[in-house]
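Enquirer: Here you go, one structure.
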Amino acid sequence: GENGEAVQLKENKMSPEEKATFKKGWDDNAFNQMASDMISLHRTLPDVRDRDCLKLEYDVNNLPDTSIIIIFHNEAWSALLRTVHSVLDRSHPKLVKEIILVDDFSNKDHLKEPLDAYMSQLKKVRILRGKKRQGLIRARLMGASVARGQVLTFLDSHCECAKGWLEPLLHRISLNWTNVVTPIIDVISDSTLSYLHTSAKSTSVGGFDWNLQFNWHPIQKRDIESRKSDADPLRSPTMAGGLFSINKKYFEHLGSYDPGMDIWGAENLEMSFKVWMCGGTLEIIVCSHVGHIFRSRSPYEWRRGVNVLVKNTVRLAEVWMDEYKQLYYDRINNNLGDYGDVSDRKALRQKLGCHSFQWYLDNIYPEMFIPKNSVCTGEGSSNSPLPMCIDSSTETSTLNKPVGLWPCHQQGGNQLWFLDKNGRIRRDDHCLFNSRGTVMVAECNEQYAHQLWVYNKVGW
Ligand code: UDP
Ligand code: MN
């Protein structure tokens, strides 16, 4: 794993005990813990910065310092410690006021006394422990409430900061306290732990769809054209959420996070909409790189009996999205559930005098597909031989496979499609296309290749 390289484990050469450890590591963490455990806690990484970035110099005496807030729930020892050491090993000590570890009520033994003992040797590290499971939003708030740095920098508990990651983030905030910034989030493979880096040109910016799920997009044409150097910051309509820096006073000024949000999700869009709508900017600082282990499932327990993600997302929509909230409610069949009281959050928006969501769409995210601008909306049905509807999700696992045909249910969901002005049949960023006679779903493309549909008056 040294220099960010892959650890290749051969399961067929393992003893039965090793196999069991290997499997348990995956089950507990949703990444290859065995591989992570074999890598040095101080492993090196290649210098992944673009050439234009290497020309920039920063005077650390003129940069604000930061509290690094790392929250965790049942994180693997090696992943958590490598996160901490990567901060200490690759940041200028003047800039790191402290590292605050917030334990969100983990129940693994290694995160109790052994962690206390280990961290007691590292002067800058403090550990806070919640008395009950709070979820990532309130855990971050707990860290922020005791932070003493001028800037708050949030990291997940399975990250590795690359060389030179911190200065560009703090520099950008020093220019304007309303600049909220993220690094390029590089991928650390969940299976081999290899560090895969993205250049400034090929990095992605954040967006979302009307299910209010975050997604990544290529840099928009207008932004490519306006950039003078590969080192320029990149405006991003939304952020992924786990890794960002913000002036502590600005975080508080904006009303921090919504403490009514539980466990995981929607807080990133809340922060993103709020920053843009209330006068700030959200940027990816492409000279700053931090790796993150992306995984394909959530390994820990959520709440039983409540759909936490829907609750958080309804709170987001109610407060920030004006009439556009209905687009999300259509997706969940108007089952809002009990989302609690949002009057405080509405009052906050009022007090801050923020722009409308329409303003955000027009000015910050004009590329967003807005269903009301489509030619028509509804199901794609055929009456022969039986009434059937085109029924397909747009999740990654269903892309580039034949769409489903199911009896029409008139409940929207995976049977809801939009014919856009350009003749594409779509849901959000995904379009139906003709793959040699078979209808499939893929990302919409600007060339409209195989994605043009014509509705004739006979009803085809
Ligand atoms: N986390 C937490 N409490 C929770 C859920 C998550 O403290 O109830 C922490 C988790 O350990 C991680 C961060 O929140 O450091 C983000 O969670 P995760 O990595 O699962 O989200 P993802 O990166 O997959 O979106
Ligand atoms: Mn994570």
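The values are calculated or read from the model by the stated rules, or taken from the named source; none is laboratory data. No experiment lies behind these values; they were computed from the predicted model shown. Virtual Cβ from ideal backbone geometry, glycine too; neighbours counted across all protein chains shown.
Enquirer: Name the pairs: first residue in region 363-376 and modelled with pLDDT of 85 or more, second residue of a type in the set (Gly, Ala, Ser), Cβ to Cβ under 9 Å, at least 6 apart or on different chains?
Expert: TYR365/GLY207; GLU367/GLY207; MET368/GLY207; VAL375/GLY423
Enquirer: Can you name the number of the only condition in (1) at pLDDT below 95; (2) surrounded by 12 or more Cβ atoms within 10 Å (Cβ to Cβ) that GLU18 fails?
Expert: Among (1) at pLDDT below 95; (2) surrounded by 12 or more Cβ atoms within 10 Å (Cβ to Cβ), the lone unmet condition for GLU18 is (1).
Enquirer: Something else: Checking the conditions here, which among PRO259, PRO299 is within 13 Å of ligand 2 (Cβ to nearest atom), surrounded by fewer than 22 Cβ atoms within 10 Å (Cβ to Cβ) and not acidic (Asp, Glu)?
Expert: PRO299
Enquirer: Quick one: is ARG436 under 27 Å from the mean Cα position of the chain (by Cα) and either surrounded by 12 or more Cβ atoms within 10 Å (Cβ to Cβ) or not β-branched (Val, Ile, Thr) (or both)?
Expert: no
Enquirer: Then there's this: Can you pull out every residue in region 330-349 that is part of a helix (DSSP H, G or I) and either without any contact (Cβ under 8 Å) to a residue 12 or more places away in the chain or exposed (fewer than 12 other Cβ atoms within 10 Å of the Cβ) (or both)?
Expert: SER343, ASP344, ALA347, listed by residue number.
Enquirer: When you go through ASP338, ASP330, ASP322 one by one, which is the residue that is within 14 Å of ASP262 (Cα to Cα) and more than 16 Å from ligand 1 (Cβ to nearest atom)?
Expert: Being within 14 Å of ASP262 (Cα to Cα) and more than 16 Å from ligand 1 (Cβ to nearest atom) holds for just one of ASP338, ASP330, ASP322, which is ASP338.
Enquirer: Follow-up question, since we're still on this one. Based on this model, can you work out whether ASP428 counts as touching a Lys or Arg at 6+ places or on another chain (Cβ under 9 Å) and surrounded by 14 or more Cβ atoms within 10 Å (Cβ to Cβ)?
Expert: Against the criterion (touching a Lys or Arg at 6+ places or on another chain (Cβ under 9 Å) and surrounded by 14 or more Cβ atoms within 10 Å (Cβ to Cβ)), ASP428 does not qualify.
Enquirer: Name the residue, out of TRP276, TRP216, that is surrounded by fewer than 19 Cβ atoms within 10 Å (Cβ to Cβ) and either more than 16 Å from ligand 1 (Cβ to nearest atom) or closer than 18 Å to ILE364 by Cβ (or both).
Expert: TRP216
Enquirer: In this structure, does SER245 turn out to be touching a strand residue (DSSP E or B) at 6+ places or on another chain (Cβ under 6 Å), closer than 29 Å to THR396 by Cβ, surrounded by 18 or more Cβ atoms within 10 Å (Cβ to Cβ) and in contact (Cβ under 8 Å) with a residue 12 or more places away in the chain?
Expert: No: the conditions fail for SER245.
Enquirer: Hey, among ARG133, ARG138, which residue is within 16 Å of ligand 1 (Cβ to nearest atom), assigned to a helix (DSSP H, G or I) and farther than 26 Å from SER174 by Cβ?
Expert: ARG138
Enquirer: Does region 281-298 contain any residue that is closer than 26 Å to TYR365 by Cα, in contact with a helix residue (DSSP H, G or I) (Cβ under 8 Å, 6 or more places away or on another chain) and among the small types (Gly, Ala, Ser)?
Expert: yes
Enquirer: May I pose another question? State the number of residues belonging to region 366-381 that are outside any helix (DSSP H, G or I), on the phi < 0 side of the Ramachandran plot and surrounded by 11 or more Cβ atoms within 10 Å (Cβ to Cβ).
Expert: Counting residues in region 366-381 that are outside any helix (DSSP H, G or I), on the phi < 0 side of the Ramachandran plot and surrounded by 11 or more Cβ atoms within 10 Å (Cβ to Cβ) gives 11.
Enquirer: Sticking with this structure for a sec: Scan region 110-165 for residues that are within 16 Å of ligand 2 (Cβ to nearest atom) and small (Gly, Ala, Ser) and jot them down.
Expert: GLY135, ALA139, GLY143, SER157
Enquirer: Filter region 39-86 down to residues that are assigned to a loop (DSSP other than H, G, I, E, B), β-branched (Val, Ile, Thr) and within 16 Å of ligand 1 (Cβ to nearest atom), then give me how many there are.
Expert: 0
Enquirer: Further, regarding this structure: What pairs come up if the first residue lies in region 65-76 and is away from ligand 2 (no atom under 13 Å from the Cβ) and at pLDDT 95 or above, the second is of a type in the set (Phe, Trp, Tyr) and part of a strand (DSSP E or B), and their beta carbons are under 6 Å apart, counting only those six or more places apart or on different chains?
Expert: Pairs that qualify, where the first residue is away from ligand 2 (no atom under 13 Å from the Cβ) and at pLDDT 95 or above and the partner is of a type in the set (Phe, Trp, Tyr) and part of a strand (DSSP E or B), are ILE69/PHE154.
Enquirer: Name the pairs: first residue in region 380-408 and closer than 22 Å to GLU443 by Cα, second residue part of a loop (DSSP other than H, G, I, E, B) and among the aliphatic types (A, V, I, L, M), Cβ to Cβ under 9 Å, at least 6 apart or on different chains?
Expert: Short answer, once both residue conditions are applied: GLY380/VAL403; ILE390/VAL403; ASP391/VAL403; SER392/VAL403.
Enquirer: Looking at SER191, SER145, SER174, which is the one that is out of contact with any Cys (no Cβ under 7 Å at 6 or more places or on another chain), of a type in the set (Ser, Thr, Tyr) and free of Cβ contacts under 8 Å to residues at least 12 places away in the same chain?
Expert: On inspection, the qualifying residue turns out to be SER145.
Enquirer: Further question: For the condition among the basic types (Lys, Arg) and over 24 Å from SER157 (Cα atoms), what is the one hit in ARG315, ARG295, ARG303?
Expert: ARG315
Enquirer: Could you list, in sequence order, the residues of region 240-255 that are part of a loop (DSSP other than H, G, I, E, B) and out of contact with any Leu (no Cβ under 6 Å at 6 or more places or on another chain)?
Expert: ALA240, GLY241, GLY242, LEU254
Enquirer: Can you tell which of LYS421, LYS457 is part of a loop (DSSP other than H, G, I, E, B), exposed (fewer than 14 other Cβ atoms within 10 Å of the Cβ) and in contact (Cβ under 8 Å) with a residue 12 or more places away in the chain?
Expert: LYS421
Enquirer: Still on this model: Restricting to region 292-315, what's the tally of residues that are out of contact with any strand residue (DSSP E or B) (no Cβ under 6 Å at 6 or more places or on another chain) and either within 16 Å of ligand 1 (Cβ to nearest atom) or at positive phi (or both)?
Expert: 16
Enquirer: Provide a single number: the residues in region 149-177 that are of a type in the set (A, V, I, L, M) and in a helix (DSSP H, G or I).
Expert: Going through region 149-177 one residue at a time, the tally reaches 5.
Enquirer: Let me ask another. How many residues does region 1-38 contain that are in a helix (DSSP H, G or I), under 18 Å from HIS158 (Cβ atoms) and of a type in the set (S, T, N, Q)?
Expert: 3
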